1. Return the single residue from 159, 59, 74 with maximal mean-square fluctuation; model: Gaussian network over the chain, springs between Cα atoms under 10 Å.
2. State the label only: which of (1) -0.44, -0.92; (2) -0.29, -0.86; (3) -0.37, -0.94 corresponds to log10 I(q)/I(0) by the Debye sum over Cα atoms at q = 0.09, 0.15 Å⁻¹ computed from the shown model?
3. Determine the distance separating the Cα centre of the stretch 140-188 from the Cα centre of the stretch 40-94; give it in Å without decimals.
4. What residue among 80, 14, 91 has its Cα farthest toward the positive end of the dipole of the stretch 1-94, where the charges are +1 on Lys, Arg and -1 on Asp, Glu, each on the Cβ?
5. Cross-chain or 8 or more residues apart, Cα under 21 Å: how many lysine pairs in the chain fit that? Count them up, please.
6. Given the DSSP H assignment, sum -39500 (n - 2.57) over each helix run of at least 4 residues in the chain and divide by its residue total; what's the result at 222 nm in deg cm²/dmol, nearest 500?
7. Can you figure out the FRET efficiency of residue 169 with residue 59, using R₀ = 30 Å and their beta-carbon distance, to the nearest 0.05?
8. With the contact rule set at Cα under 8 Å and sequence spacing of 6 or more, what percent relative contact order holds for the chain?
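Taken together, the values in this text are just the output of simple stated rules run on the coordinates, not laboratory data. Keep in mind that what you see is a predicted model, and the values were worked out from it rather than measured. Glycine gets a Cβ as well: all are built from the backbone with ideal geometry, and neighbour counts include every protein chain shown.
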Amino acid sequence: MHAPSYKPRDFNLSGLTGISNKTLEMHLGLYEGYVSETNLLAERLAEMVQAGKAAKSPMYAEVKRHLGFEYGGMILHELYFENLAPKGKGTPSRALTQGFEQCFGGLDAWRTDFAATGSLRGVGWAVLFRDPVSSYLSNCWITLHEQGVPAGLTPILVMDVWEHAYLLDYKPAERAKYIEAFFTNVDWDAVDKRLK
């Protein structure tokens, strides 16, 4: 078994509105930790398989489960950083606007629902997903990186609402201010590419 090797990606996000460079620096460092831990766990699993220690091994099971958390953290952070741009970029495409109309009753209704999803108690992620079979759009909550991810759906827009995403800029009770800042910085061109 060969273990994959991932490298942290570079994201030029300096100058986001309402999300400080200090928060970004800390957040990107956390993301790099997910990449590092993903590589470490994948290597450990490969070694266990080669040593014949995978079958019915409690250690293998725990490492395998933990890899889901780290790998999910890596991917969700990449999607999150990808769909941000200083002061935002573009506008929702015609296809996305039509999707918002059909699935939510319009852009404003979608945005209200997405913000409400991001405001749920606890830490996690708010994600706009597209069903590749029906093209239906839905806002979902992911509690941990690997829990609550709808199988087969495509993430279109990802918002991190773990406290590390906003705590240096806002008080814990001010998540709504962070969500508004997030909307200000959405890169709709990146979102549209995912929709296609």
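1. Greatest mean-square fluctuation among the candidates belongs to 59.
2. Here log10 I(q)/I(0) by the Debye sum over Cα atoms at q = 0.09, 0.15 Å⁻¹ agrees with entry (3).
3. Cα centroid of the stretch 140-188 versus Cα centroid of the stretch 40-94: 18 Å apart.
4. 91
5. Summing the qualifying lysine pairs gives 11.
6. Details: 6 runs with 96 residues, N = 196.
-16000 deg cm²/dmol, from helical runs alone.
7. Details: r = 40 Å, r/R0 = 1.33.
Efficiency computed from Cβ-Cβ geometry: 0.15.
8. Numbers: 287 pairs, mean separation 53.2, N = 196.
After rounding, I find 27 percent.
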